Amino acid sequence: MSQPLILSLSPRASGNSDMAAACFAAALPRTVPVRYLRDFTVLPCLGCGACSSTGQCVLAAQDQAEELFTALDQASAVVLTGPVYFYHLPAQAKAWIDRSQSRYMRRHIQPRLTTTQRRAAAVIVAGRPQGARLCTGIERTLRYFLDIFDYRLEETLCLRGLDERTALQTSPTSLAAITALARHGTW
Ligand SMILES: Cc1cc2nc3c(=O)[nH]c(=O)nc-3n(C[C@H](O)[C@H](O)[C@H](O)COP(=O)(O)O)c2cc1C
C-alpha cells in the first residue's frame with residue numbers, strides 16, 4: 001500500500017525540521033519512516049535547457065534527485081519540513097526543487113492524463129520570533145513545485161522563534177500544531 005512521504009529538508013541533523021518530521025510521523029495511526037534530503041546527493045540545475053526538448057535531465061544519472069522524484073510519484077501524500085534560510089529554504093532543498101524543471105518540461109511534452117491531486121503539507125521552522133512574510137516565498141515555491149507532481153499544498157505551518165537545535169522539543173504549542181495537522185484527515 002502506498003504511504004505518505006515525510007521528508008526533512010534541513011542540512012542540520014537532529015534539529016527542528018527533523019523533530020517536526022518525527023512529531024508528524026508519531027501522530028499518524030501507522031508507522032511511516034522519515035527521510036532526510038541530506039542523505040541524498042543532489043546536484044544543482046545547470047540551466048542547460050536540454051530538458052525542454054527531451055523532458056530528461058542531463059544530470060539524472062549522476063545523482064539521486066530523480067530517486068526522490070520517484071518517491072514523490074509513488075507516495076499517497078507528502079509532508080515536507082524545513083528551516084527558513086534567508087527567507088527561503090536551504091540551498092540543498094532549493095537545488096532539488098530546481099531540478100524538477102525537467103519534470104515540469106516533461107509535462108508540456110507529455111500532458112497529464114489525470115488531474116487527481118494528493119494531499120501535501122509543509123512545516124517550516126524559523127529562528128525569528130516575528131515576521132508576517134517569513135514563510136511567504138517558501139510557501140509559494142512549494143505550492144508550484146508540488147503541483148508538478150499532482151500534489152495540492154493544503155497547509156503550511158510557519159513555526160517562528162525556533163532557533164536552537166532543540167527548540168521545537170520545548171515548544172508545546174508548536175508540537176501541538178504539528179500533531180493537529182497530522183491528525184486532520186487521512187494522510
Ligand atoms: C544560513 C542560515 C540562515 C538562516 N536564515 C534565517 C532567516 O532568514 N530567518 C529566520 O527566521 N531564521 C533563519 N535561520 C535560523 C533557522 O531557520 C533556525 O535555526 C531553524 O530552527 C533551523 O532549523 P533546523 O534545526 O531544522 O535546521 C537561519 C539559519 C541559518 C543556518
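The values are calculated or read from the model by the stated rules, or taken from the named source; none is laboratory data. Bear in mind the structure is a predicted one, so any value in this text is a computation, not a measurement. Reconstructed Cβ throughout: ideal geometry from the backbone, glycine too, with neighbour counts over all protein chains shown. These area figures cover heavy atoms from the full protein model, side chains too; ligands, DNA and RNA do not enter into them. Shrake-Rupley method; radii C 1.70, N 1.55, O 1.52, S 1.80 Å.
Of note:
- In the stretch 1-30, the residues that are over 17 Å from ALA93 (Cα atoms) reach residues that are within 8 Å of the ligand (Cβ to nearest atom) with C-beta atoms within less than 6 angstrom, at least six apart or across chains, in these pairs: MET19/LEU168.
- Candidate set: the stretch 112-138, residues that are of a type in the set (S, T, N, Q) and within 21 Å of the chain's Cα centre (by Cα); chosen: the one nearest to the ligand (Cβ to nearest atom): THR136
- In the set (1) open to solvent by 30 Å² or more (accessible area, probe 1.4 Å); (2) out of contact with any helix residue (DSSP H, G or I) (no Cβ under 6 Å at 6 or more places or on another chain); (3) closer than 19 Å to LEU5 by Cβ, the condition left unmet by PHE86 is number (3).
- No other residue among ALA13, ALA26 is open to solvent by 60 Å² or more (accessible area, probe 1.4 Å), more than 8 Å from the ligand (Cβ to nearest atom) and of a type in the set (A, V, I, L, M) apart from ALA26.
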